[in-house]
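A.B. asks: Following this message is one structure expressed as structure tokens.
The values are calculated or read from the model by the stated rules, or taken from the named source; none is laboratory data. Predicted model only: the values in this text are computed from it and were never measured. Here the Cβ positions follow ideal geometry from the backbone for every residue, glycine too, while neighbour counts run over all protein chains shown. Side chains included, ligands, DNA and RNA excluded: accessible areas come from the protein's heavy atoms. Shrake-Rupley method; radii C 1.70, N 1.55, O 1.52, S 1.80 Å.
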Amino acid sequence: MTPPGTSARRVAFASLIGTTIEWYDFFIYGTAAALVFNQLFFPDFDPIVGTVAAFATFAVGFLARPIGGVLFAHFGDRLGRKPMLIASLMLMGFATLLMGLLPTYSHIGVWAPVLLTLLRFAQGLGVGGEWGGAALMAVEHAPEGRRGFYGSWPQVGVPAGLLLGNLTFSLISSTVSEEQFMAWGWRIPFLCSALLIGVGFLIRLKIAESPVFKEASQRAQETRAERMPVVEVLRRHPRTILLAAGSFLATNATFYVGSTWIVAYATKHLDYERTSVLNANSFLAFVDIPLMIAFGLLSDRIGRRLMSLGGMAVLALFAVPYFMLVDSGSIVLFLLGGMVVQACRTAVYGPQSAFFSELFSTRLRYSGASLSYQLASILGGGIAPMICTVLYGATGSSMAIAAYVVVLCLISFVSIYLLSETYKRDLTEEPAGTAAGAGG
């Protein structure tokens, strides 16, 4: 069942807007953790320990993401994709708004970091349910042979959300004094979330449910619907889930190394100007957008697996040169290194919605794709800034971080190699085998 192109485009656009808003909310926390949270919520700690503590609360959001992924996936595979997209958006929005209103340590003491951590956990629940629903809606509405292209649109929400968040922080940072920024300026990006969530809610309310899911639901009424999709996908496809998670590990981790840890490292240890680093990351996020769509489109022609293998191989080879460019202190070289890294990551991330969707059957797809993605988010992105901080604190060298990146790339390369190609699969059919040499 192939929906009209206009319907596919409408859903892809709605997925893009929704994921942009959700990732904006998620990422502004990371920027604030790198710039101010260590001073406002952990002021009694040594500066390095305070930064580790701030990044630890950042990691809490990633610990919550699999829980959110399981919760939303369960109902998404049983009730539909659309209701879960709306629910995840509202949960994320309210948590972010409350962060912007939260008193700091100087006002309520230890309750400040406690409440901050709880709200970060709520953010993690929301974004954990978001990706699977948005990716599946775009892919399941896409015409045959175009799933990589349409599936890349919700992926674009990640750099678009980061770009929006960085621009907001950069604008505020350049227009207020340091004292004003620390006192109230950092709150503005969080408070702006209320308006964005309202826009996203109205857009998502108007889109139709996935036609592939509706067809599967009708068939399930005549047979046996999965009562516990998450349990069932773990029973049927444990190897595929682990390999899919491994395939995303380096992409996810290096994204947060570049967008979060590098901000703290460059401004505190290399004397880069804060606004310059934020503007550089904004430019890199902007570059990500056309690359992601182009790689998604290209994957419809050459396949998801081949493109992902190439991206991981180049990223592993470029890890050491990248940190040498960052350490140069030149913002131009910082940008040059970042652009190469972005291209490697988007070669994997652009086609990922389609790749992960094609690995699982319709009735288990939300659960399988979400579990794979969110498992990688814990082992990769969630702890990456904290690991980088500890490694640099122990060695005083960015080469330790480069070695960490190389190890992650090797894990991802092997995982991708062990997965089978999927781009010619019919989404309405049960996967015959998604792990190379195995039945999944």
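Here's the yes/no breakdown for (1) crowded, with 24+ Cβ neighbours inside 10 Å; (2) within 20 Å of the chain's Cα centre (by Cα); (3) basic (Lys, Arg); (4) not in a helix (DSSP H, G or I):
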position: Gly246; (1), (2), (3), (4): no, yes, no, no
position: Leu270; (1), (2), (3), (4): no, no, no, yes
position: Thr275; (1), (2), (3), (4): no, no, no, no
position: Ser282; (1), (2), (3), (4): no, yes, no, no
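A.B. asks: Any idea which of (1) surrounded by 20 or more Cβ atoms within 10 Å (Cβ to Cβ); (2) out of contact with any Asp or Glu (no Cβ under 7 Å at 6 or more places or on another chain) is the one Phe149 doesn't satisfy?
C.D. replies: Result: Phe149 passes all but (2).
A.B. asks: Can you tell me which residue is least open to solvent (accessible area, probe 1.4 Å) among those in the stretch 170-180 that are closer than 20 Å to Ser259 by Cα and at pLDDT 85 or above?
C.D. replies: Step by step, filter the stretch 170-180, then rank; the result is Ile172.
A.B. asks: Could you grab me the full set of residues in the stretch 10-52 that are at pLDDT below 70 and open to solvent by less than 20 Å² (accessible area, probe 1.4 Å)?
C.D. replies: Passing the criteria: Gly50, Thr51.
Here is a yes/no grid of residues against (1) without any contact (Cβ under 8 Å) to a residue 12 or more places away in the chain; (2) closer than 30 Å to Arg9 by Cα; (3) in contact with a His (Cβ under 8 Å, 6 or more places away or on another chain):
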| position | (1), (2), (3) |
| --- | --- |
| Gly258 | no, no, no |
| Ala264 | no, no, no |
| Arg274 | no, no, no |
| Val277 | no, no, no |
| Ser282 | no, yes, no |
| Val287 | no, yes, no |
| Pro290 | yes, yes, no |
| Phe295 | no, yes, no |
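A.B. asks: Continuing with this model, one more query. Suppose the filter is part of a helix (DSSP H, G or I), aromatic (Phe, Trp, Tyr) and crowded, with 24+ Cβ neighbours inside 10 Å; does Phe360 pass it?
C.D. replies: No.
A.B. asks: Residue check: is Tyr366 buried (at least 23 other Cβ atoms within 10 Å of the Cβ) and under 21 Å from Ile67 (Cα atoms)?
C.D. replies: Criteria met by Tyr366.
A.B. asks: Can you tell me which residues in the stretch 196-219 are at pLDDT 80 or above and surrounded by 18 or more Cβ atoms within 10 Å (Cβ to Cβ)?
C.D. replies: Leu196, Ile197
Rundown of residues vs (1) buried (at least 16 other Cβ atoms within 10 Å of the Cβ); (2) more than 21 Å from the chain's Cα centre (by Cα); (3) among the acidic types (Asp, Glu); (4) in a helix (DSSP H, G or I), yes/no style:
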position: Leu309; (1), (2), (3), (4): yes, no, no, yes
position: Ala319; (1), (2), (3), (4): yes, no, no, yes
position: Phe334; (1), (2), (3), (4): yes, yes, no, yes
position: Met339; (1), (2), (3), (4): no, no, no, yes
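A.B. asks: Considering the stretch 67-112 alone, what residues qualify as being of a type in the set (Lys, Arg) and either under 18 Å from the mean Cα position of the chain (by Cα) or open to solvent by 40 Å² or more (accessible area, probe 1.4 Å) (or both)?
C.D. replies: Arg78, Lys82
Conditions tested, residue by residue: (1) modelled with pLDDT under 85; (2) over 30 Å from Leu364 (Cβ atoms); (3) open to solvent by 10 Å² or more (accessible area, probe 1.4 Å); (4) not in a helix (DSSP H, G or I).
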{"site": "Asn166", "(1), (2), (3), (4)": "yes, yes, no, no"}
{"site": "Gln221", "(1), (2), (3), (4)": "yes, no, yes, no"}
{"site": "Thr240", "(1), (2), (3), (4)": "no, no, no, no"}
{"site": "Leu243", "(1), (2), (3), (4)": "no, no, yes, no"}
